1. Among the residues of the range A:121-142, which ones are more than 21 Å from B:Arg195 (Cβ to Cβ) and either crowded, with 19+ Cβ neighbours inside 10 Å or facing another protein chain (nearest Cβ under 10 Å) (or both)?
2. Among the residues of the range B:133-162, what is the count of those that are under 24 Å from B:Val173 (Cα atoms) and polar (S, T, N, Q)?
3. Among the candidates A:Val108, A:Val123, single out the residue that is of a type in the set (Val, Ile, Thr), outside any strand (DSSP E or B) and either in contact with a Leu (Cβ under 9 Å, 6 or more places away or on another chain) or within 28 Å of B:Gly149 (Cα to Cα) (or both).
4. Considering the range A:57-81 alone, what residues qualify as being touching a strand residue (DSSP E or B) at 6+ places or on another chain (Cβ under 6 Å) and among the hydrophobic types (A, V, I, L, M, F, W, C)?
5. Among the numbered criteria (1) of a type outside the set (D, E, K, R); (2) at negative phi; (3) at the interface with another protein chain (Cβ under 8 Å from one of its Cβ atoms), which one does A:Gln103 miss?
6. Return yes when B:Gln13 is in a loop (DSSP other than H, G, I, E, B) and either at pLDDT 85 or above or away from chain A (no Cβ under 14 Å) (or both) and no when it is not.
7. Taking the range B:327-351, which residues are closer than 23 Å to B:Gln294 by Cβ and either among the acidic types (Asp, Glu) or not in a strand (DSSP E or B) (or both)?
8. Assess whether B:Glu263 counts as being acidic (Asp, Glu), out of contact with any Phe, Trp or Tyr (no Cβ under 7 Å at 6 or more places or on another chain) and surrounded by 15 or more Cβ atoms within 10 Å (Cβ to Cβ).
Amino acid sequence: MTQPTANCPNCGAKIIFRWSSSVQTVCEYCKSILVRTDIDLKKVGQVADLPPNSSPIQMGTEGIYNRQAFVAVGRIVYEYDQGTWNEWHLVMNNGSAWLSDAQDEYVVTFAAPGRKLPAECRVSQRYTWDNETYTVTTITKAHYRGVEGELPFQYWDKQDVVFVDLMSTNGKFATLDYSDETPVLYLGQSVEFDDLKLKNLRSFEGWS
Amino acid sequence: MSASGPNPPGTPQVKALNCPGCGAALTLRSFSQAVTVVCDHCHSILDAQDPRLTILQKFKADVDEYPPLIPLGTRGTIRGAAYEVVGFQRRTIHVDGIPYSWHEYVLFNPYKGFRYLTEYNGHWNDTSILRSLPTVNNDVSPATVTYLGGNYKLFQTAKAGTSFVLGEFPWQVRVGEDSDVSDYVSPPRVISSERTGKEITWSMGEYIAGRDIWKAFSLQGNPPEPVGVYENQPSPLSADTTALWLAFVGFLVALVVMFIAFESSARKEQVIQGFYSFNTNVRGEASFVTDVFQLKGHTSDLELTTTSDVSNNWIYLNYALINQDTGQAYDFGREVSYYYGYDSDGSWTEGGPTDSVAIPSVPPGSYYLRVEPESNFGHGTISYSISAKRDVPQASFFGLALLALLVPAGLITWRSMNFEHLRWAESDYAPADSNDDDTDNPDKPISLGNIFGKGSDS
């Protein structure tokens, strides 16, 4: 598979898209946020320095979910009252998924368009999607802190965002993203670190 | 194919900082995962996410008052993974004005995140945040929760306050803050719910022996002796005695099969039968010997049956079974008595016309019986018969075997029930007959829930 390449319109560095469907990426050199147009890349913004983060996952971390190999090609960093968390953009054979890492608690989700979604939620309300009943456990007010790598959509001018987390009684997990006017649903499940069989992880001083 | 560009993410390092309150050195062991960190020098609770380490709260405590049993910075292995103790807190509930406290240790691994050890009165639990939602059923008393197929009974609900903190926490910790803790037990596990405001955090603890923790963290000395029975302490006798009784039934069936096999394969060979009469009107020696009879085969029992026509009378027979060749004698006496009559309650009888006895382990050989009857003088002639059978299975032996099976099973069941009784006597749902008197029971175990920060927040 040939990877689409281009040059950064800001600094001229070579930009390689690891995933052909990526819509946005960040220049590794000048941190310009670049959006793909039909022919060229357009600079839409600049990433400020990302906050210190100790997610063991990094760009290029590989793993396996539901017998499908994935690689982390991008991320969105959010900040909330307990610090920061990462939404890692995973690329699999058949599309993209998200691996959320909040204080080393891991959740894999997939965008689930086309479901009926509530306009707003309160804690302990219940919703059923795909024959699975979910209960609202937390509503998190957060703000966008930065992006890295490739994303399947344009994401760079956000401010405050609201996430609604829902859990089922058998490990299934749902997130409603209320950042935009129309909410977006993600469905997936909590995962054990060991089950993801991650490779190319970060190393931590004093830990092998 | 590394994605790291010119600015690789770098290797997170353990941070050495200084407390803005007193200047003392601070270590951040959980890299940037901690939300709060406590200065053990001046007891300032600091915002670990803020590079300036803003002081969030200061509390008064004598640090030596509650030294953690596992010092901060100690590493150990839990379920195959290395964890470092990064935080410690003491939590307290008040029951009738009396404070009861337990301790929680925050453990950290940079890949697997946080887990917790809790300790109360020498009882330890290995605790993690639940990644699935339990189902609560409040329609029964005590209430229950179902979690991944398991059923847990509500043990206790209490308001728990944080009374002392040390080190790092993955949530906003404050001294003096309360939360409502409910513990649901299914030994060796306990599911705890913690409610702070609207948010409920669920966690699961599994009972772990103190000595296993001492081994896992290579600690010196011995863990504190556990006091009393703890809410989710597994019964040393296994609370579930179903398996025991299933085994009992299995052995019982085997026993019955054995009995039937013995019964059907036994020879039950009649070796002698004789009819005699004893004239009680004649004084003097009435003893006699029988004909010699052969006992064949292997060493086995001999069942001797005495039948008599005694009516409101008795006959006593002194027997000797004598081996003709060796002279070895088995002496024994048997009585046949039969009484009957009428009284205000109606008719009654006592005794019967037949007596049977087994002489065990008689070797093969030629034997005869020496018989000497006795009875009341002057009651006419008593007729009686003697018969002996070789190799007769004795039901009483099987009865003894049954007892040998029943006694331990019953004893274990009783002790196990007693253990469960001690456990539940300390709960909010103590049975009515327990002596738990909440006002003056110093050993009253308390809810050992866990304030843990929120779960994932994607």
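The values are calculated or read from the model by the stated rules, or taken from the named source; none is laboratory data. Bear in mind that the values here come from a model prediction, so they are computed numbers and not experimental data. No Cβ is skipped: glycine too gets one built from the backbone with ideal geometry, and neighbour counts run over all protein chains shown.
1. Restricting attention to the range A:121-142, the residues satisfying the condition of being more than 21 Å from B:Arg195 (Cβ to Cβ) are A:127-133, A:142.
If the condition is that a residue be more than 21 Å from B:Arg195 (Cβ to Cβ) and either crowded, with 19+ Cβ neighbours inside 10 Å or facing another protein chain (nearest Cβ under 10 Å) (or both), then A:Tyr127, A:Thr133, A:Ala142 are the ones that fit.
2. Result for the range B:133-162: 3.
3. Details: A:Val108 fails: outside any strand (DSSP E or B).
Selected residue: A:Val123, the only one of A:Val108, A:Val123 that is of a type in the set (Val, Ile, Thr), outside any strand (DSSP E or B) and either in contact with a Leu (Cβ under 9 Å, 6 or more places away or on another chain) or within 28 Å of B:Gly149 (Cα to Cα) (or both).
4. A:Ile57, A:Met59, A:Phe70, A:Val71, A:Ala72, A:Val73, A:Ile76, A:Val77
5. (2)
6. Numbers: in a loop (DSSP other than H, G, I, E, B): yes; either at pLDDT 85 or above or away from chain A (no Cβ under 14 Å) (or both): no.
No: the conditions fail for B:Gln13.
7. Correct list: B:Gly327, B:Gln328, B:Asp331.
8. Working: acidic (Asp, Glu): yes; out of contact with any Phe, Trp or Tyr (no Cβ under 7 Å at 6 or more places or on another chain): yes; surrounded by 15 or more Cβ atoms within 10 Å (Cβ to Cβ): no.
It is false that B:Glu263 is acidic (Asp, Glu), out of contact with any Phe, Trp or Tyr (no Cβ under 7 Å at 6 or more places or on another chain) and surrounded by 15 or more Cβ atoms within 10 Å (Cβ to Cβ).
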